[in-house]
Amino acid sequence: MEELTFTQEIKPPSTKKGPIRWLKDNLFSNWYNTVLTLFAIVFLYFLFKGVYTWVFTQAKWAVIPANLQILSVGSYPREQLWRVAYVVYVLAILMGLSAGIWKGLNQQITSAVACIGAVITLLPIHVNTSVREAAVIATILIAVSYVFGRDRQNLKRWVIIGWVLMFPWMMFMLRGFGENAISTINWGGLLLTLILAVVGIVACFPIGVLLALGRRSQLPAIRWISIAYIEVVRGMPLVTILFMGSLMLPIFMPGDFQLDKVVRAMIALTLFSAAYMAENVRGGLQAVPRGQYEAAQAVGLSYPKTMTFIVLPQALRSVIPAIVGQFIALFKDTSLVSIIALSELLGVSDNILGNPKWTGLKPELYLFIAVVYFIFTFAMSYVSQIVEADLGVGKH
Amino acid sequence: MAGFFYSNMMSGLSDQGHPLSLSFLRNEAGFEITEGIDFDPSDTYLKAFWVGVVNTLRVSILGIICATVLGFIFGVARLSTNWLIRSIAAVYVEIFRNVPLLLQILFWYAITLSLPRIQDSITIADTIILNVRGIYLPTIAGNEGLPVWLWYLLSGVGLAIIVVLCYAGLRLLIDSTEVQQTDRPSFASNTILGAKWFAAPVFLIVAIAGWFLSPGQPLQIVRPELQGFNYVGGINFTPEFLALLVGLTVYTSAYIAEVVRSGIQAVVKGQREAARAVGLTETQVLLLVVIPQAIPIIVPPLTSQYLNLAKNSSLAIAIGFLDLFHVGRRMIAQTGQTIPIFGMIMVSYLIMSLTTSAFMNWYNRRITRFER
Amino acid sequence: MTENENTTNDPIIICEDVHKWFDDFHVLKGITTSFKKGERAVICGPSGSGKSTFIRTINRLEEHQRGTIIVDGIELSNDLRNINLIRQEVGMVFQQFNLFPHLSNLKNITLGPMRVRKLSKRQAEEEALALLERMDIADQAYKYPSEVSGGQQQRVAIARALAMEPKIMLFDEPTSALDPEMISEVLDVMRELAHSGMTMLVVTHEMGFAREVADRIMFFDEGVVIEEAAPADFFDNPQHERTKLFISQTLQH
């Protein structure tokens, strides 16, 4: 019987199949698949033919490069654009450092951003030279700070402080001060889209956590107020809340106090996403096993300490993918502020189309804007899939 | 803090001269609504708001039906064994999920506005007409013969019920021993199933005979026809309605496709294996074992997609479709009654979402019977 | 060991050099064997040895990549019609029962006969009730699987497989997911089935059942059959070191 243990190692039969075998297995495996394939081919032929002729012979693409600046920053004054550039540079440095220090996911996100920078640098169309210059500098900054940040764990704390300060500094930087201050009315394009989305998700976070805790509170008053807020806001469309922000906020403010239009939109977006954030966080809180609370109490921690040091860290970790998903949704939803006459990425199309030179070029403009949104959201959902895999969410 | 806001509000309101009251609803609206229920500018604000509510429901319900059909098709297609079909479905889902809905609606609206003028309308089989005023579809209308035919239908139902009762009586006489073994409800359903071969033809014969015996044709297809400068007859959907409907349908169907796909994939592998081991074909495995178990997994996220669609219909305001929010917005502009009108809008949406979640809870309770 | 008067000499399952890989992992390394009509074979071995995979290749829940398997004269290939024919002749009972949770116990059993054998509803239900009677659970017919105990579920699953009137029954660790007090009720049913002359391939750790019922015991390790013998020889005179170890470990419990 001993000889049986010496069975020879045999390689599995090659799983690579010839192209014909592949076609047969994947397209013509039986009669109805064959019919479906043929229909699909005919459909795709006409679709591609139509799209091809429109894109390459009929569409007038000149509108895009001519308005690239408006699309990216709106009517931000040209001579003040260095402010935007500085914000981008500082962001690039912070990203590069984080990627170097923490590796893992940061690395992937950062390399994705660096790729976008590199693409802009190499874009074949005619873009403003200063834009190209800024993209080159940003890409290089990412690379340099990445190399610098590797194996410098002692920088960790400074980078975290940097990220925290980044946000107020960015607002201050973009707005300027004194007589040269740039009114938020001039903020626009992709810049405004990104600012609104980031502000919305960052500012809603503390409110969302409080609401989630409130919903689980022992005090009926707090619990019912939280539930009412969450359910009412989630039951309403975002447009109505944006209009409330622009029509009702002024009613509640002292007579002469004028709130900036962009700030009103920010408040509305924050209050809106707080309700959704609360539900996400609640999901995370529910996922923390009872034993964790009991163990924390057994050690003698008070309720606030149990929450801050034991429960919330675990809960928030498990809801990161949901929060990324919410950010993607919010990024798309910022397009609604164009309805209340703000010029974010979608809103600027009205400004451009208002120019008699570009009237009638709606399809071209919309398609370009759609592609920009698509690239951002698709990239973000790709990242969120990696996050999910990293955290092992959904694995039992 | 609340007191601070309240006092600001009261002083602000008295400055504008708008006491909080709902009496303005009885006033004449003074604006036109060409969408949905007939509305005259001399009608009240209350009726205007109601027309808006009905318009929201109209576009939402139609959108939900279309999005469900499309979503199921693409969701199942994503799991097809055919690579091409699978890829087309995946591309469809990714494109329409990752572009903002508002942009999509504006895009469809631009397309409907570029449809030909009325004189150059596109007609399909002489019954469907497409032009810059939207789409015209044929309808069915009743003639003077309709009431007579309805009586025939009613007596047909009566006869069919008599046939079922006779059948049940006969079965009781023939095999009275067997009935005691099986339980009563299954006897009732078995009887109706068995009797359908006799009852259905009886009903059909009465219905068809009645059709010819009634004076004139009871029902008639009304085609849209060109009269002067416009089409008359049939139903008309405006370009605004079409753009909103198509946008909502396509966007939501991409999400529903994902819900359907993950629901089907959530059915555990052992279930398919057991079904195959019994000898069912792949189609039977899907229809008899996988989909019935996927449905309870699919329904909760599906319901929240329906709610999203209803809420997203408020984007109507961007293309000038007069849904409940847009009508409310106009009423605010004319009356200045910001707070009461926002209250009405809020309550309308809340009623929609509460009824939907009540349905969900009821459904969940019903299906948990055979949960693992 | 009981003498099996049902065994004939015609092989009903023939396996020739069957190989199977999961990606690069070689699960079955050339299995060559055959089973006679009416034979009761028990397959045992440590977990991960390929024993479950082996019986799953016989009704093609797993696809083998080399070698041939012939079941009742039909060779297993990619031809869908052959697979469906074979699956009608081969019943299978799973470790996790795999009953359909959305159907009552009775409908779990009648599904195959009505949809594949095209029986009328009435006839299918009569046969199903008779099978449930034989499994001693006729009173559970109108309940749902989640409403009955594990042992009862597994007996419904056996009835479901038998309702297709198979020539061969495959059992994939049928008692492993059961609470100890329910194991015997399932084994009783299987014992009764064995005495009725069914061809049975049973993957199990129940050595008592194997000794009592089996005509042959096959011991799998690392994808190879390293020992096969009649129960008496297998238990009292094992040839291979690993078999000895396995027997001593399982009999300790």
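The values are calculated or read from the model by the stated rules, or taken from the named source; none is laboratory data. Just so we're clear, the structure is a prediction, and the values are computed from it rather than from any experiment. So basically every Cβ, Gly included, is an ideal-geometry build from the backbone, and we count neighbours across all protein chains shown.
So, in region A:124-163, how many residues would count as being modelled with pLDDT of 80 or more and either among the hydroxyl-bearing types (S, T, Y) or more than 30 Å from A:A62 (Cβ to Cβ) (or both)?
The total comes to 22.
Taking A:S349 as meeting all but one of (1) within 20 Å of A:A59 (Cα to Cα); (2) of a type in the set (S, T, Y); (3) more than 10 Å from chain B (Cβ to nearest Cβ), write down the number of the exception.
Status for A:S349: all satisfied but (3).
Would you pick out the residues in region B:274-302 that are within 11 Å of chain C (Cβ to nearest Cβ), of a type outside the set (G, A, S) and farther than 21 Å from C:I58 by Cβ?
Once the filter is applied, which keeps residues that are within 11 Å of chain C (Cβ to nearest Cβ), of a type outside the set (G, A, S) and farther than 21 Å from C:I58 by Cβ, region B:274-302 yields B:T283, B:Q284, B:L287, B:L288, B:V289, B:V290, B:I291, B:P292, B:Q293, B:I295, B:P296.
Before we move on, is B:F72 in contact (Cβ under 8 Å) with a residue 12 or more places away in the chain, under 25 Å from the mean Cα position of the chain (by Cα) and more than 14 Å from chain A (Cβ to nearest Cβ)?
When the stated conditions are applied, B:F72 passes them.
So which residues in region A:188-199 are more than 11 Å from the chain's Cα centre (by Cα) and either in a helix (DSSP H, G or I) or hydroxyl-bearing (S, T, Y) (or both), if there are any at all?
Matches in region A:188-199: A:G189, A:L190, A:L191, A:L192, A:V199.
Considering only helices (runs of 4 or more DSSP H) fully contained in region C:75-186, which possess at least 2 residues that are at the interface with another protein chain (Cβ under 8 Å from one of its Cβ atoms)?
Counting at least 2 such residues, we get C:80-89, C:105-115, C:150-162.
Residue under question is C:R115, and the condition is that it be over 27 Å from C:K51 (Cα atoms), at pLDDT below 90, surrounded by 18 or more Cβ atoms within 10 Å (Cβ to Cβ) and touching a helix residue (DSSP H, G or I) at 6+ places or on another chain (Cβ under 8 Å); does it hold?
yes
Just to be sure, is A:L346 out of contact with any Asp or Glu (no Cβ under 8 Å at 6 or more places or on another chain), within 18 Å of A:L191 (Cβ to Cβ) and not in a helix (DSSP H, G or I)?
Here the answer is yes, as A:L346 does meet what is asked.
Residue by residue, here is whether (1) free of Cβ contacts under 8 Å to residues at least 40 places away in the same chain; (2) under 30 Å from B:S357 (Cα atoms); (3) assigned by TED's automatic domain parsing to the domain that holds A:V348; (4) polar (S, T, N, Q) holds:
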{"site": "A:L196", "(1), (2), (3), (4)": "no, no, yes, no"}
{"site": "A:V209", "(1), (2), (3), (4)": "no, yes, yes, no"}
{"site": "A:A221", "(1), (2), (3), (4)": "yes, yes, yes, no"}
{"site": "A:I230", "(1), (2), (3), (4)": "no, yes, yes, no"}
{"site": "A:I241", "(1), (2), (3), (4)": "yes, yes, yes, no"}
{"site": "A:L247", "(1), (2), (3), (4)": "yes, yes, yes, no"}
{"site": "A:F252", "(1), (2), (3), (4)": "yes, no, yes, no"}
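For region C:120-165, name all the residues that are surrounded by 15 or more Cβ atoms within 10 Å (Cβ to Cβ), small (G, A, S) and closer than 21 Å to B:A277 by Cβ.
Scanning region C:120-165 gives C:A124, C:A128, C:G150, C:G151, C:A157, C:A159, C:A161, C:A163.
In region B:320-349, what residues are among the hydroxyl-bearing types (S, T, Y) and either facing chain A (nearest Cβ under 8 Å) or touching a Cys at 6+ places or on another chain (Cβ under 8 Å) (or both)?
Listed by number, the residues that qualify are B:T338, B:Y349.
Let me confirm something: among A:V299, A:V348, A:V324, which residue is assigned by TED's automatic domain parsing to the domain that holds A:M266, of a type in the set (A, V, I, L, M), over 22 Å from B:Y251 (Cα atoms) and modelled with pLDDT under 90?
Of the residues listed, the single one that is assigned by TED's automatic domain parsing to the domain that holds A:M266, of a type in the set (A, V, I, L, M), over 22 Å from B:Y251 (Cα atoms) and modelled with pLDDT under 90 is A:V299.
Quick check on my filter: what residues within region C:40-62 are assigned to a loop (DSSP other than H, G, I, E, B) and either β-branched (V, I, T) or under 17 Å from C:F234 (Cα atoms) (or both)?
C:G45, C:P46
Of the residues in region B:80-106, how many are under 24 Å from A:I328 (Cβ atoms) and part of a loop (DSSP other than H, G, I, E, B)?
Result for region B:80-106: 2.
Residue-by-condition table, conditions (1) part of a helix (DSSP H, G or I); (2) within 14 Å of chain B (Cβ to nearest Cβ); (3) of a type in the set (V, I, T); (4) buried (at least 18 other Cβ atoms within 10 Å of the Cβ):
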site	(1), (2), (3), (4)
A:A278	yes, no, no, yes
A:Y293	yes, no, no, no
A:Q297	yes, no, no, no
A:P313	yes, no, no, no
A:I320	yes, no, yes, yes
A:L336	yes, yes, no, yes
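Scan region A:381-394 and tell me whether some residue there is at the interface with chain B (Cβ under 10 Å from one of its Cβ atoms), surrounded by fewer than 19 Cβ atoms within 10 Å (Cβ to Cβ), out of contact with any Leu (no Cβ under 7 Å at 6 or more places or on another chain) and under 30 Å from A:F243 (Cβ atoms).
Looking through region A:381-394, at least one residue is at the interface with chain B (Cβ under 10 Å from one of its Cβ atoms), surrounded by fewer than 19 Cβ atoms within 10 Å (Cβ to Cβ), out of contact with any Leu (no Cβ under 7 Å at 6 or more places or on another chain) and under 30 Å from A:F243 (Cβ atoms).
Just checking, does region B:322-333 include any residue being under 18 Å from the mean Cα position of the chain (by Cα) and either touching a residue at least 24 places away in the same chain (Cβ under 8 Å) or in a helix (DSSP H, G or I) (or both)?
Within region B:322-333, one or more residues are under 18 Å from the mean Cα position of the chain (by Cα) and either touching a residue at least 24 places away in the same chain (Cβ under 8 Å) or in a helix (DSSP H, G or I) (or both).
Applying the selection to region A:27-50, what residues are of a type in the set (A, V, I, L, M) and assigned to a helix (DSSP H, G or I)?
Passing the criteria: A:V35, A:L36, A:L38, A:A40, A:I41, A:V42, A:L44, A:L47.
Residues to consider are B:R58, B:R78; find the one that is buried (at least 18 other Cβ atoms within 10 Å of the Cβ), more than 14 Å from every other protein chain (Cβ to nearest Cβ) and among the basic types (K, R).
The match here is B:R58.
Here are A:L238, A:L271, A:L249: which of them is within 11 Å of another protein chain (Cβ to nearest Cβ) and surrounded by fewer than 22 Cβ atoms within 10 Å (Cβ to Cβ)?
Just one listed residue meets the conditions, A:L249.
Could you tell me which of the residues A:G104, A:G117, A:G74 is out of contact with any Asp or Glu (no Cβ under 6 Å at 6 or more places or on another chain), at positive phi and modelled with pLDDT under 80?
Answer to the selection: A:G104.
Residue by residue, here is whether (1) free of Cβ contacts under 8 Å to residues at least 12 places away in the same chain; (2) touching a Ser or Thr at 6+ places or on another chain (Cβ under 8 Å) holds:
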site	(1), (2)
B:F96	no, yes
B:L103	yes, yes
B:A125	yes, no
B:Y152	no, yes
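Does B:L130 meet the test of being touching a residue at least 40 places away in the same chain (Cβ under 8 Å) and assigned by TED's automatic domain parsing to the domain that holds B:T303?
no
Out of C:G67, C:G30, report the one residue that is surrounded by fewer than 22 Cβ atoms within 10 Å (Cβ to Cβ), facing another protein chain (nearest Cβ under 10 Å), of a type outside the set (D, E) and in a strand (DSSP E or B).
C:G30
Only one residue in C:E39, C:E75, C:E3 is among the acidic types (D, E) and modelled with pLDDT of 90 or more. Which one?
Exactly one of C:E39, C:E75, C:E3 is among the acidic types (D, E) and modelled with pLDDT of 90 or more, namely C:E39.
Just one of (1) assigned to a helix (DSSP H, G or I); (2) modelled with pLDDT of 90 or more trips up B:I367, so point out which.
Single failed check for B:I367: (2).
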